[in-house]
Amino acid sequence: MKRNLKKLFIPMLLITIVTSIIMIFITINQYKMFNEQVNIKIAQIISEIQANYPNANIDEVMNILNDTNIDSKRGKEELRKYGIYSNNQNSILEIQSQMIKNIKINLSLIFIFSTIWIIAIFIYVQNRNKKLNQIKQYIRQINNKNYELKIEENSEDELSNLKNELYKITVMLKEEAEKSKQDKENIKISVQDISHQLKTPITSISIMLDNLKENPNMEEQTRQKFIFEISKQIENMKFLIISLLKLSKLEAGVEEFTKETINVKDLISDCLKRLEIPIEIKNQNIIVKENINASFIGDYKWQLEAITNIIKNCIEHTNENRNIYIDYEENNLYTKIQIRDEGEGIPKEDIKHIFERFYKGKGSSENSIGIGLALAKTIIEKDNGYITCKSEKDVGTEFVIKYMK
(Lines give C-alpha, C1' and ligand atoms only; values in the text may rest on other atoms or scores of the structure.)
Protein backbone atom coordinates (compact mmCIF):
# COMPACT_ATOMS: atom_id res chain seq x y z
CA MET A 1 0.00 0.00 0.00
CA LYS A 2 2.84 2.43 0.86
CA ARG A 3 4.49 1.86 -2.51
CA ASN A 4 1.16 2.39 -4.22
CA LEU A 5 0.58 5.72 -2.44
CA LYS A 6 4.16 6.72 -3.17
CA LYS A 7 3.65 6.08 -6.87
CA LEU A 8 0.50 8.25 -6.85
CA PHE A 9 1.96 10.89 -4.52
CA ILE A 10 5.11 11.66 -6.54
CA PRO A 11 3.39 12.76 -9.81
CA MET A 12 0.73 14.64 -7.84
CA LEU A 13 3.43 16.42 -5.86
CA LEU A 14 5.20 17.34 -9.09
CA ILE A 15 1.96 18.68 -10.58
CA THR A 16 1.31 20.68 -7.38
CA ILE A 17 4.84 22.15 -7.40
CA VAL A 18 4.61 23.06 -11.09
CA THR A 19 1.14 24.55 -10.57
CA SER A 20 2.34 26.58 -7.58
CA ILE A 21 5.37 27.90 -9.48
CA ILE A 22 3.20 28.91 -12.43
CA MET A 23 0.62 30.59 -10.18
CA ILE A 24 3.35 32.47 -8.27
CA PHE A 25 4.89 33.58 -11.56
CA ILE A 26 1.49 34.76 -12.89
CA THR A 27 0.65 36.53 -9.60
CA ILE A 28 3.99 38.38 -9.61
CA ASN A 29 3.44 39.31 -13.24
CA GLN A 30 -0.11 40.51 -12.48
CA TYR A 31 1.24 42.55 -9.56
CA LYS A 32 3.79 44.19 -11.86
CA MET A 33 1.09 44.96 -14.42
CA PHE A 34 -1.15 46.37 -11.70
CA ASN A 35 1.69 48.58 -10.43
CA GLU A 36 2.43 49.69 -13.97
CA GLN A 37 -1.21 50.65 -14.56
CA VAL A 38 -1.37 52.56 -11.25
CA ASN A 39 1.91 54.37 -11.88
CA ILE A 40 0.82 55.30 -15.40
CA LYS A 41 -2.39 56.83 -14.03
CA ILE A 42 -0.50 58.69 -11.34
CA ALA A 43 1.94 59.96 -13.99
CA GLN A 44 -1.06 61.11 -16.12
CA ILE A 45 -2.59 62.92 -13.12
CA ILE A 46 0.71 64.64 -12.32
CA SER A 47 1.09 65.66 -15.96
CA GLU A 48 -2.39 67.22 -15.91
CA ILE A 49 -1.70 68.97 -12.61
CA GLN A 50 1.53 70.44 -13.97
CA ALA A 51 -0.21 71.51 -17.15
CA ASN A 52 -3.18 73.16 -15.42
CA TYR A 53 -1.46 74.23 -12.22
CA PRO A 54 2.14 75.10 -13.04
CA ASN A 55 2.81 76.41 -9.51
CA ALA A 56 1.63 73.18 -7.85
CA ASN A 57 4.14 71.40 -5.63
CA ILE A 58 4.57 67.84 -6.98
CA ASP A 59 6.27 66.73 -3.75
CA GLU A 60 3.06 67.52 -1.86
CA VAL A 61 1.08 65.43 -4.36
CA MET A 62 3.44 62.44 -3.89
CA ASN A 63 3.27 62.83 -0.10
CA ILE A 64 -0.52 62.76 -0.33
CA LEU A 65 -0.42 59.58 -2.46
CA ASN A 66 1.94 57.78 -0.04
CA ASP A 67 0.44 59.04 3.23
CA THR A 68 -1.71 56.31 4.82
CA ASN A 69 -3.00 58.59 7.62
CA ILE A 70 -5.00 60.97 5.45
CA ASP A 71 -8.75 60.73 6.02
CA SER A 72 -10.38 59.34 2.85
CA LYS A 73 -13.99 59.90 3.92
CA ARG A 74 -14.48 63.14 2.01
CA GLY A 75 -12.78 61.67 -1.06
CA LYS A 76 -15.08 58.63 -1.02
CA GLU A 77 -18.11 60.90 -0.87
CA GLU A 78 -16.83 62.74 -3.93
CA LEU A 79 -16.38 59.43 -5.81
CA ARG A 80 -19.95 58.40 -5.05
CA LYS A 81 -21.11 61.44 -7.03
CA TYR A 82 -19.65 59.65 -10.08
CA GLY A 83 -21.21 56.32 -9.12
CA ILE A 84 -17.93 54.79 -7.85
CA TYR A 85 -18.01 52.74 -4.62
CA SER A 86 -14.61 51.80 -3.18
CA ASN A 87 -15.72 48.43 -1.79
CA ASN A 88 -16.64 46.85 -5.12
CA GLN A 89 -15.44 49.05 -7.96
CA ASN A 90 -12.13 50.53 -9.06
CA SER A 91 -12.05 54.24 -9.62
CA ILE A 92 -9.64 53.74 -12.55
CA LEU A 93 -11.44 51.79 -15.26
CA GLU A 94 -8.30 50.44 -16.94
CA ILE A 95 -7.10 48.90 -13.69
CA GLN A 96 -10.54 47.42 -13.13
CA SER A 97 -10.47 45.93 -16.61
CA GLN A 98 -7.00 44.47 -15.99
CA MET A 99 -8.13 42.87 -12.73
CA ILE A 100 -11.10 41.26 -14.49
CA LYS A 101 -8.67 39.81 -17.04
CA ASN A 102 -6.47 38.55 -14.22
CA ILE A 103 -9.42 36.83 -12.55
CA LYS A 104 -10.37 35.14 -15.83
CA ILE A 105 -6.76 33.97 -16.33
CA ASN A 106 -6.60 32.61 -12.78
CA LEU A 107 -9.92 30.79 -13.16
CA SER A 108 -8.75 29.31 -16.48
CA LEU A 109 -5.51 28.08 -14.88
CA ILE A 110 -7.38 26.59 -11.95
CA PHE A 111 -9.68 24.78 -14.39
CA ILE A 112 -6.75 23.54 -16.52
CA PHE A 113 -4.72 22.21 -13.61
CA SER A 114 -7.80 20.72 -11.92
CA THR A 115 -8.52 18.92 -15.20
CA ILE A 116 -4.93 17.63 -15.28
CA TRP A 117 -5.36 16.36 -11.72
CA ILE A 118 -8.62 14.63 -12.57
CA ILE A 119 -7.14 13.05 -15.72
CA ALA A 120 -4.07 11.82 -13.78
CA ILE A 121 -6.24 10.28 -11.07
CA PHE A 122 -8.58 8.78 -13.70
CA ILE A 123 -5.63 7.20 -15.58
CA TYR A 124 -4.24 5.82 -12.32
CA VAL A 125 -7.61 4.36 -11.30
CA GLN A 126 -8.11 2.91 -14.79
CA ASN A 127 -4.69 1.21 -14.73
CA ARG A 128 -5.36 -0.08 -11.25
CA ASN A 129 -8.76 -1.48 -12.25
CA LYS A 130 -7.20 -3.02 -15.37
CA LYS A 131 -4.61 -4.84 -13.27
CA LEU A 132 -7.29 -5.94 -10.79
CA ASN A 133 -9.37 -7.35 -13.63
CA GLN A 134 -6.30 -9.15 -14.98
CA ILE A 135 -5.65 -10.67 -11.56
CA LYS A 136 -9.30 -11.78 -11.30
CA GLN A 137 -9.00 -13.36 -14.76
CA TYR A 138 -5.75 -15.11 -13.78
CA ILE A 139 -7.40 -16.50 -10.64
CA ARG A 140 -10.29 -17.84 -12.73
CA GLN A 141 -7.80 -19.48 -15.09
CA ILE A 142 -5.94 -21.03 -12.17
CA ASN A 143 -9.24 -22.33 -10.75
CA ASN A 144 -9.76 -23.96 -14.16
CA LYS A 145 -6.32 -25.61 -13.72
CA ASN A 146 -4.72 -23.53 -16.45
CA TYR A 147 -1.17 -22.97 -15.21
CA GLU A 148 0.33 -21.79 -18.52
CA LEU A 149 0.03 -18.11 -17.60
CA LYS A 150 2.69 -15.45 -18.25
CA ILE A 151 2.01 -12.79 -15.63
CA GLU A 152 5.44 -11.63 -14.53
CA GLU A 153 5.72 -7.91 -13.80
CA ASN A 154 8.88 -5.77 -13.82
CA SER A 155 7.42 -2.77 -11.96
CA GLU A 156 7.34 -2.51 -8.18
CA ASP A 157 3.88 -1.17 -7.31
CA GLU A 158 1.52 -3.03 -5.02
CA LEU A 159 -0.55 -4.77 -7.71
CA SER A 160 2.53 -5.73 -9.74
CA ASN A 161 3.99 -7.35 -6.64
CA LEU A 162 0.67 -9.14 -6.14
CA LYS A 163 0.79 -10.40 -9.74
CA ASN A 164 4.36 -11.62 -9.22
CA GLU A 165 3.32 -13.47 -6.08
CA LEU A 166 0.39 -14.93 -7.99
CA TYR A 167 2.80 -16.05 -10.71
CA LYS A 168 4.97 -17.77 -8.10
CA ILE A 169 1.88 -19.55 -6.77
CA THR A 170 0.96 -20.53 -10.33
CA VAL A 171 4.43 -22.00 -10.93
CA MET A 172 4.21 -23.86 -7.62
CA LEU A 173 0.74 -25.22 -8.45
CA LYS A 174 1.96 -26.25 -11.89
CA GLU A 175 4.90 -28.09 -10.36
CA GLU A 176 2.62 -29.75 -7.80
CA ALA A 177 0.19 -30.75 -10.55
CA GLU A 178 3.01 -32.24 -12.62
CA LYS A 179 4.41 -33.97 -9.55
CA SER A 180 0.98 -35.35 -8.71
CA LYS A 181 0.61 -36.58 -12.27
CA GLN A 182 4.07 -38.17 -12.10
CA ASP A 183 3.26 -39.72 -8.71
CA LYS A 184 0.11 -41.26 -10.18
CA GLU A 185 2.15 -42.57 -13.09
CA ASN A 186 4.75 -43.99 -10.68
CA ILE A 187 2.03 -45.66 -8.64
CA LYS A 188 0.56 -47.12 -11.82
CA ILE A 189 3.99 -48.41 -12.88
CA SER A 190 4.67 -49.78 -9.38
CA VAL A 191 1.34 -51.62 -9.34
CA GLN A 192 2.08 -53.04 -12.78
CA ASP A 193 5.59 -54.03 -11.68
CA ILE A 194 4.34 -55.68 -8.49
CA SER A 195 1.61 -57.48 -10.40
CA HIS A 196 4.10 -58.69 -12.98
CA GLN A 197 6.76 -59.71 -10.47
CA LEU A 198 4.32 -61.48 -8.13
CA LYS A 199 2.52 -63.29 -10.91
CA THR A 200 5.27 -65.87 -11.51
CA PRO A 201 5.96 -66.87 -7.86
CA ILE A 202 2.24 -66.94 -7.03
CA THR A 203 1.58 -69.18 -10.03
CA SER A 204 4.50 -71.41 -9.02
CA ILE A 205 3.27 -71.62 -5.41
CA SER A 206 -0.27 -72.35 -6.59
CA ILE A 207 0.90 -75.23 -8.82
CA MET A 208 3.03 -76.78 -6.07
CA LEU A 209 0.21 -76.48 -3.51
CA ASP A 210 -2.20 -78.15 -5.96
CA ASN A 211 0.30 -80.98 -6.39
CA LEU A 212 0.55 -81.39 -2.63
CA LYS A 213 -3.22 -81.49 -2.24
CA GLU A 214 -3.84 -83.81 -5.17
CA ASN A 215 -1.08 -86.23 -4.16
CA PRO A 216 -1.50 -87.06 -0.47
CA ASN A 217 0.73 -90.09 -0.95
CA MET A 218 3.58 -88.10 -2.46
CA GLU A 219 7.06 -89.21 -1.51
CA GLU A 220 8.40 -87.39 1.52
CA GLN A 221 11.49 -86.25 -0.31
CA THR A 222 9.43 -84.69 -3.10
CA ARG A 223 7.03 -83.16 -0.57
CA GLN A 224 9.92 -81.53 1.32
CA LYS A 225 11.33 -80.26 -1.93
CA PHE A 226 8.00 -78.62 -2.79
CA ILE A 227 7.74 -77.12 0.69
CA PHE A 228 11.30 -75.76 0.41
CA GLU A 229 10.53 -74.21 -2.99
CA ILE A 230 7.31 -72.65 -1.66
CA SER A 231 9.24 -71.17 1.31
CA LYS A 232 11.87 -69.78 -1.04
CA GLN A 233 9.24 -68.22 -3.27
CA ILE A 234 7.53 -66.67 -0.24
CA GLU A 235 10.84 -65.22 0.93
CA ASN A 236 11.43 -63.78 -2.53
CA MET A 237 7.96 -62.27 -2.54
CA LYS A 238 8.53 -60.83 0.93
CA PHE A 239 11.83 -59.27 -0.14
CA LEU A 240 10.23 -57.94 -3.32
CA ILE A 241 7.27 -56.35 -1.53
CA ILE A 242 9.44 -54.77 1.19
CA SER A 243 11.90 -53.43 -1.39
CA LEU A 244 9.11 -52.04 -3.57
CA LEU A 245 7.50 -50.36 -0.59
CA LYS A 246 10.81 -48.75 0.34
CA LEU A 247 11.42 -47.62 -3.24
CA SER A 248 7.87 -46.25 -3.58
CA LYS A 249 8.20 -44.30 -0.33
CA LEU A 250 11.48 -42.78 -1.50
CA GLU A 251 10.16 -41.86 -4.95
CA ALA A 252 7.00 -40.35 -3.45
CA GLY A 253 9.11 -38.24 -1.06
CA VAL A 254 7.18 -39.36 2.04
CA GLU A 255 10.26 -40.74 3.75
CA GLU A 256 12.16 -38.12 5.75
CA PHE A 257 15.94 -38.51 5.72
CA THR A 258 17.83 -37.55 8.86
CA LYS A 259 21.10 -35.64 8.58
CA GLU A 260 23.94 -37.04 10.68
CA THR A 261 27.67 -37.59 10.38
CA ILE A 262 28.25 -41.13 9.10
CA ASN A 263 31.62 -42.77 9.77
CA VAL A 264 32.37 -44.86 6.68
CA LYS A 265 34.40 -47.45 8.65
CA ASP A 266 31.41 -48.15 10.93
CA LEU A 267 29.03 -48.20 7.96
CA ILE A 268 31.07 -50.79 6.04
CA SER A 269 31.53 -52.89 9.19
CA ASP A 270 27.76 -53.01 9.80
CA CYS A 271 27.10 -53.87 6.15
CA LEU A 272 29.50 -56.82 6.30
CA LYS A 273 27.92 -58.08 9.55
CA ARG A 274 24.57 -58.28 7.74
CA LEU A 275 26.19 -60.30 4.94
CA GLU A 276 28.28 -62.71 7.06
CA ILE A 277 26.27 -65.81 6.07
CA PRO A 278 26.44 -65.44 2.24
CA ILE A 279 30.13 -64.44 2.53
CA GLU A 280 30.84 -67.54 4.63
CA ILE A 281 28.84 -69.84 2.35
CA LYS A 282 30.88 -68.75 -0.69
CA ASN A 283 34.11 -68.54 1.32
CA GLN A 284 34.87 -65.12 -0.11
CA ASN A 285 37.47 -62.65 1.18
CA ILE A 286 36.40 -59.06 1.82
CA ILE A 287 39.49 -56.87 1.68
CA VAL A 288 38.85 -53.43 3.21
CA LYS A 289 41.34 -50.60 2.96
CA GLU A 290 40.37 -48.64 6.03
CA ASN A 291 40.41 -44.89 6.58
CA ILE A 292 39.09 -44.20 10.07
CA ASN A 293 38.56 -40.48 9.43
CA ALA A 294 36.38 -40.74 6.29
CA SER A 295 32.79 -39.60 6.82
CA PHE A 296 29.84 -37.87 5.14
CA ILE A 297 26.45 -36.39 6.03
CA GLY A 298 23.40 -38.61 5.48
CA ASP A 299 20.83 -40.98 6.93
CA TYR A 300 22.69 -43.94 8.47
CA LYS A 301 19.80 -46.42 8.29
CA TRP A 302 19.12 -45.81 4.61
CA GLN A 303 22.77 -45.69 3.57
CA LEU A 304 23.29 -49.00 5.38
CA GLU A 305 20.53 -50.40 3.15
CA ALA A 306 22.13 -48.96 -0.02
CA ILE A 307 25.73 -50.09 0.58
CA THR A 308 24.55 -53.51 1.76
CA ASN A 309 22.64 -54.00 -1.50
CA ILE A 310 25.72 -53.09 -3.56
CA ILE A 311 28.05 -55.43 -1.63
CA LYS A 312 25.38 -58.15 -1.79
CA ASN A 313 25.24 -57.75 -5.58
CA CYS A 314 29.03 -58.21 -5.75
CA ILE A 315 28.82 -61.33 -3.54
CA GLU A 316 26.12 -62.88 -5.73
CA HIS A 317 28.11 -62.29 -8.94
CA THR A 318 31.47 -63.46 -7.60
CA ASN A 319 32.47 -67.11 -7.50
CA GLU A 320 33.56 -68.97 -4.39
CA ASN A 321 37.00 -68.33 -2.87
CA ARG A 322 37.37 -65.00 -4.69
CA ASN A 323 37.98 -61.50 -3.38
CA ILE A 324 35.84 -58.39 -2.99
CA TYR A 325 37.69 -55.10 -2.42
CA ILE A 326 36.31 -52.10 -0.54
CA ASP A 327 38.20 -48.82 -0.45
CA TYR A 328 37.09 -45.39 0.76
CA GLU A 329 38.56 -41.91 1.18
CA GLU A 330 37.55 -38.31 1.83
CA ASN A 331 38.69 -34.99 0.35
CA ASN A 332 37.43 -31.40 0.30
CA LEU A 333 34.87 -32.13 -2.42
CA TYR A 334 33.41 -35.54 -1.61
CA THR A 335 33.66 -38.84 0.25
CA LYS A 336 34.24 -41.77 -2.09
CA ILE A 337 33.50 -45.47 -1.57
CA GLN A 338 34.78 -48.01 -4.11
CA ILE A 339 33.46 -51.59 -4.15
CA ARG A 340 35.09 -54.02 -6.62
CA ASP A 341 34.55 -57.72 -7.16
CA GLU A 342 36.28 -60.47 -9.15
CA GLY A 343 33.09 -61.71 -10.72
CA GLU A 344 32.10 -62.56 -14.26
CA GLY A 345 31.55 -58.90 -15.17
CA ILE A 346 28.56 -57.20 -16.80
CA PRO A 347 28.05 -57.15 -20.59
CA LYS A 348 28.39 -53.68 -22.15
CA GLU A 349 24.80 -53.66 -23.33
CA ASP A 350 23.60 -54.22 -19.75
CA ILE A 351 25.75 -51.58 -17.98
CA LYS A 352 23.44 -48.65 -18.75
CA HIS A 353 20.39 -50.56 -17.46
CA ILE A 354 21.65 -52.07 -14.20
CA PHE A 355 20.11 -49.33 -12.02
CA GLU A 356 16.67 -49.73 -13.59
CA ARG A 357 13.94 -51.47 -11.63
CA PHE A 358 13.48 -55.17 -12.41
CA TYR A 359 16.16 -55.17 -15.07
CA LYS A 360 17.95 -58.50 -15.18
CA GLY A 361 20.96 -58.82 -17.44
CA LYS A 362 22.28 -61.94 -19.12
CA GLY A 363 24.45 -62.86 -16.14
CA SER A 364 21.74 -62.41 -13.51
CA SER A 365 21.07 -65.31 -11.19
CA GLU A 366 17.79 -67.20 -11.27
CA ASN A 367 16.72 -65.75 -7.93
CA SER A 368 17.61 -62.16 -8.84
CA ILE A 369 14.70 -59.73 -8.70
CA GLY A 370 16.48 -56.71 -10.16
CA ILE A 371 15.52 -54.14 -7.56
CA GLY A 372 18.49 -53.95 -5.16
CA LEU A 373 20.68 -51.65 -7.27
CA ALA A 374 17.72 -49.42 -8.23
CA LEU A 375 16.91 -48.98 -4.53
CA ALA A 376 20.57 -48.30 -3.69
CA LYS A 377 20.86 -45.63 -6.38
CA THR A 378 17.71 -43.85 -5.18
CA ILE A 379 18.90 -43.85 -1.56
CA ILE A 380 22.39 -42.56 -2.45
CA GLU A 381 20.98 -39.72 -4.56
CA LYS A 382 18.69 -38.71 -1.67
CA ASP A 383 21.81 -37.90 0.37
CA ASN A 384 23.47 -35.76 -2.31
CA GLY A 385 25.46 -38.62 -3.77
CA TYR A 386 25.73 -40.48 -7.04
CA ILE A 387 26.86 -43.93 -8.12
CA THR A 388 28.64 -45.13 -11.24
CA CYS A 389 29.58 -48.57 -12.47
CA LYS A 390 32.22 -49.96 -14.79
CA SER A 391 32.81 -53.60 -15.62
CA GLU A 392 34.97 -55.86 -17.71
CA LYS A 393 33.93 -59.31 -18.81
CA ASP A 394 35.59 -62.11 -16.79
CA VAL A 395 37.58 -59.51 -14.78
CA GLY A 396 35.03 -57.97 -12.46
CA THR A 397 32.78 -55.02 -11.69
CA GLU A 398 33.51 -51.81 -9.80
CA PHE A 399 30.96 -49.50 -8.17
CA VAL A 400 32.04 -45.96 -7.23
CA ILE A 401 29.87 -43.93 -4.86
CA LYS A 402 30.58 -40.25 -4.20
CA TYR A 403 28.81 -38.22 -1.50
CA MET A 404 29.32 -34.55 -2.34
CA LYS A 405 30.12 -32.05 0.39
Going residue by residue through the stretch 242-247, the Karplus relation 6.51 cos²θ - 1.76 cosθ + 1.60 with θ = phi - 60° gives ³J(HN,Hα) values, rounded to whole Hz and with x marking Gly or Pro, of 4, 5, 5, 4, 4, 5
For the pair E381 and I10, the simple spin-label estimate (label points 7 Å beyond Cα toward Cβ) gives in nm 4.8
Of 211-218, 18-25, 305-312, ordering from highest average Cβ density within 10 Å down gives 305-312, 18-25, 211-218
Note: K282 to F355 extended length (0.36 nm per residue) minus current alpha-carbon separation gives 23.8 nm
For K259 and R140, extending 7 Å from Cα along the Cα-Cβ vector and measuring point to point gives, in nm, a value of 4.5
Relative contact order of the stretch 259-393 (C-alpha contacts under 8 Å, at least 6 apart) in percent is 24
The relative contact order of the stretch 284-332, taking Cα pairs under 8 Å that sit 6 or more residues apart, comes to a percentage of 73
Residue separation between Q44 and I207 times 0.36 nm, minus their alpha-carbon distance, gives in nm 45.0 nm
Once phi for every residue in the stretch 263-273 is put through the Karplus expression 6.51 cos²θ - 1.76 cosθ + 1.60 (θ = phi - 60°), the whole-Hz ³J(HN,Hα) values, with Gly and Pro written as x, are 7, 5, 4, 5, 4, 5, 4, 5, 4, 5, 5
Of the listed pairs K238/K377; K213/K312; K312/K336, those with alpha carbons more than 29 Å apart are K213/K312
Phi-derived 3J(HN,Hα) across the stretch 388-405 with the Karplus relation (6.51, -1.76, 1.60, θ = phi - 60°), rounded Hz, x for Gly and Pro, is 10, 9, 9, 8, 9, 4, 6, 10, x, 10, 10, 9, 10, 10, 10, 9, 6, 5
Rounded to one decimal in nm, the spacing of the 7 Å Cα→Cβ label points at I297 and L132 is 4.8
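Would you list Y138, Y53 from the most to the least accessible area, probe 1.4 Å?
Result, largest first: Y53, Y138.
The values are calculated or read from the model by the stated rules, or taken from the named source; none is laboratory data. Being a predicted model, the structure only gives us computed values, none of them experimental. Please note: Cβ atoms are built from the backbone with ideal geometry, for glycine as well, and neighbour counts cover all protein chains shown. When the accessible area is computed, the model is the full protein with side chains, heavy atoms only, and any ligands, DNA or RNA have been set aside. Shrake-Rupley method; radii C 1.70, N 1.55, O 1.52, S 1.80 Å.
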